[in-house]
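Taking it in order: structure first as structure tokens, then the write-up.
FYI, it's all coordinate maths here, none of it is from the lab. As the structure is a prediction and not an experimental result, all values here were calculated from the model. Cβ placement follows ideal geometry from the backbone for every residue including glycine, while neighbour counts extend to all protein chains displayed.
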Amino acid sequence: MSPLVLSVQAPGMLTTVQDIGRWGAQGQGMPVAGAMDAQAFRMGNIIVGNREEDAGIEVTLMGPKLLVVEGEGIVAVTGAELGFSVNGHAVPNWTAVKIGEGDVLSFSAPRSGCRAYLCLSGGIDVPSVLGSRSTYTRAKVGGVEGRALKKGDRLPCGEPGPLWRRCAGFVCPEELRPRYDPAAPLRVIAGPQDDHFTPAGRETFYASEYTISNSADRMGYRLDGPVIEHEGAADIISDAIPLGAVQVPGHGQPIVMLADRQTTGGYTKIGVVCSVDMAALSQRLPGEKVRFVSVSLKDALALAREAGGKRQRLLELRAAWRSHPAPAVLPVEEITMPVTRGEVLLHLDGEAHSVTWEEIKEE
Amino acid sequence: MISHEYPRILTAGDGCVVAEFGDSIDMGINSRVAALGQAVRKLAFPGLLDTVPTYRSLAVYFDPEVTDVDRLYKRMETLCREGGEGAAETVRRVILIPTLYGGDRGPDLEDVAGLLELSAEEVIKRHSSRDCYCYMLGFTPGFSYLGGMDPSLEVPRLKNPREIIPAGSVAIGGKQTGIYSIPSPGGWRLIGTTPMRMFDARRDPAIFLEAGMWVRFRPIEREEFARIDAESEAGSYRPEIIEEEVSQS
């Protein structure tokens, strides 16, 4: 059976091909881009049997309508609840479903969150640009012609993993999914320019409530709220802008820098949102509230490793599911089947081959 | 006024660490940034994602799930201490930027000449006879922050920035000169255009210019512009990059 090919019947509001981002060329001014809610995106790939770095589709609020024109495979939606359905039947998020030629994938309306990830077995097979398939629209790079999807686009998928059929019905347990509590404060690591603010300015930042303004896109979220007071100049000699950096220009209102941020800039950065909280922020909309709370680097790193551990657990559960695709949903910690699984990179005739293996126990 | 001891290591979130060598735009500081960048890339530690050299600092991006961050901080500190003043430049890499000045390709050239009370020919001569140093790339893919333009060419930026400046535009803004790498808004004055693509995702390398290179503008005529433009469109154009010995004085 051939890999999936989809055709775009309606593009939705802002639908782009993304992966884990274009790393390695920021030094030449190339932004990273990539999925805004990286944890949901990576988990979506795991659910459908892909590698985490395969390309998928980022859907924003109003989703697209896609027709499967060829092949068969597995689909799963993660992230925001945007009313996903297959042939008009609602399909819950975080669930692997088998699809084939003639099936229609669509989204009814946003229920919670902002960005959903449509992951397909084999991954979206558009050309890789500087090592990534992520769409960066400002420089017309990656994805389909460097732009958001439009009606009539054809989306071919790559060859799915050898065990893809056995993924059908697999569900990511609730406790492993990212938490999107809209009231949870975002944890911020101080620096690199926290010393460019007065103590009162820092106090304002951590004690106040900010509102996401209408100027909020994949590049950054401008926030409205109490003015953060600088100590001396608000401008610095341009330096690198990491993901989640909270820039405070001279007007004193913070801007959180996101996936499509420019590589460098000349505004002071009071802190950087910890990587795990980028999921929750990416799911918030203009008009929603944001609060910040201080976190140490050590604690932020522990949180990042915990997030990685959750994906490891999901991989183990996937392997267990492939061995026993039982309909019974066991609590996560009760699935203790020893799983033997691995991945090796083989070099043959100058070509690198990624070989994955997994022990399957037949009933 | 805030004062600091340099070099210093700054935390920039849980996926980035910055080494800062000073608080000024200075070639000596910038060469230490470049030297540290090379040393860090040589480490090739697990989880290394990217290095971003800027005027006076180096940002190192890593995967917080993989990298031993304590160890990375310690190694950065050691490398900063051992790096000393950075190696003095012995060979200079100069990239030639073929540029058609004036006319519809440099719509502000006459205004710039008028503001400076120079002839257009003299502006072209001064702009193309002095090499500029590329401190860093940023802003958009392939955009270079150049230093060292002839100071007699300083002109104020436009009061009303243009909404779209074509890629390849060679411009002056204040004390700086630069080349727009992709169509973008901007307030610099356009004096010429290079037919070379500063950024082309179809090409390898997509960006020819690197931090630490020198830029030399080479005036060309319409005929050569058309030829280079066609080669660039086909993806076959390669810029001339020359290596020059630096006389140690």
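Per-structure values
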{"item": "Kirkwood-based Rg to Rh ratio, chain A, C-alpha trace", "result": "0.99"}
{"item": "In degrees, nearest ten, helix A:297-323 long axis to first principal axis of chain A (Cα)", "result": "10"}
{"item": "Which of B:Met136, A:Met43, A:Met219 has the fewest Cβ neighbours within 10 Å, and the rest in rising order", "result": "A:Met219, A:Met43, B:Met136"}
{"item": "Top positive-direction residue, dipole computed over the protein assembly as shown with Cβ charges, set A:Val77, A:Gln262, B:Ala39", "result": "A:Val77"}
{"item": "Cβ charges +1 (Lys, Arg) and -1 (Asp, Glu), total dipole of the protein assembly as shown, debye", "result": "760"}
{"item": "B:Leu116-A:Val293 FRET efficiency (beta carbon distance; Förster radius 56 Å; 0.05 resolution)", "result": "0.55"}
{"item": "Number of partner chain Cβ atoms within 10 Å, mean per residue of A:299-308", "result": "4"}
{"item": "Most to least packed among A:8-18, A:300-310, B:47-57 [average Cβ atoms within 10 Å]", "result": "B:47-57, A:8-18, A:300-310"}
{"item": "Using alpha-carbon coordinates, inclination of helix A:38-47 to the longest axis of chain A, degrees", "result": "10"}
{"item": "Estimated FRET transfer efficiency (B:Asp68, B:Ala44; beta-carbon r; R0 22 Å; 0.05)", "result": "0.95"}
{"item": "Residue (of B:Cys80, B:Thr11, B:Val52) at the positive-pole extreme of region B:8-82, dipole from beta-carbon charges", "result": "B:Cys80"}
{"item": "Calculated from backbone phi, Karplus (6.51, -1.76, 1.60) coupling profile of region A:90-98 in Hz, x at Gly/Pro", "result": "4, 10, x, 5, 6, 10, 7, 10, 7"}
{"item": "At q = 0.21, 0.28 Å⁻¹, base-10 log of I(q)/I(0) for region A:80-147 (Debye sum, equal scatterers on each alpha carbon)", "result": "-0.99, -1.13"}
{"item": "Nearby lysines by direct alpha-carbon distance to A:Lys151 (threshold 19 angstrom, same-chain neighbours under 8 apart not counted)", "result": "A:Lys65, A:Lys140"}
{"item": "Label-point separation, B:Arg157 to B:Ser129 (7 Å along Cα→Cβ), nm", "result": "3.0"}
{"item": "For a label point 7 Å along the Cα-to-beta-carbon line of B:Glu223, residues of region B:98-117 with backbone N under 17 Å", "result": "B:99-101"}
{"item": "Projected label distance in nm at B:Glu231 and A:Val171, using a 7 Å step from Cα toward the beta-carbon", "result": "6.3"}
{"item": "Over region A:186-299, volume per residue of the alpha carbon convex hull, in Å³", "result": "88"}
{"item": "Taking all pairs of distinct alpha-carbon atoms in the protein assembly as shown, Kirkwood radius in angstrom", "result": "26.1"}
{"item": "Taking B:Glu244, B:Glu20, A:Glu58 and counting other C-beta atoms within 10 Å, the order from fewest to most", "result": "B:Glu244, B:Glu20, A:Glu58"}
{"item": "In nm, spacing of pseudo-spin labels at A:Val227 and B:Glu243 (7 Å Cα→C-beta vector)", "result": "5.5"}
{"item": "Shielding by other protein chains, A:229-235, mean Cβ within 10 Å", "result": "1"}
{"item": "Residue exposure sequence - A:Lys65, B:Lys42, B:Lys175 - by fewest surrounding Cβ within 10 Å", "result": "B:Lys42, B:Lys175, A:Lys65"}
{"item": "Per-peptide average of other Cβ atoms within 10 Å, ordering B:206-216, B:152-162, A:144-154 highest first", "result": "B:206-216, A:144-154, B:152-162"}
{"item": "Computed helical MRE - 222 nm, the protein assembly as shown, DSSP H runs ≥ 4 contributing -39500 (n - 2.57), nearest 500", "result": "-6000 deg cm²/dmol"}
{"item": "About the Cα centre, charge dipole magnitude for chain A (Lys/Arg +1, Asp/Glu -1 at Cβ), debye", "result": "540"}
{"item": "Cβ neighbours within 10 Å from other chains - mean over B:178-185", "result": "2"}
{"item": "With eigenvalues of the C-alpha gyration tensor scaled by 5 and rooted, region B:8-82, Å", "result": "20, 12, 11"}
{"item": "For chain B, alpha-carbon Rg over 2.2 N^0.38 Å", "result": "1.11"}
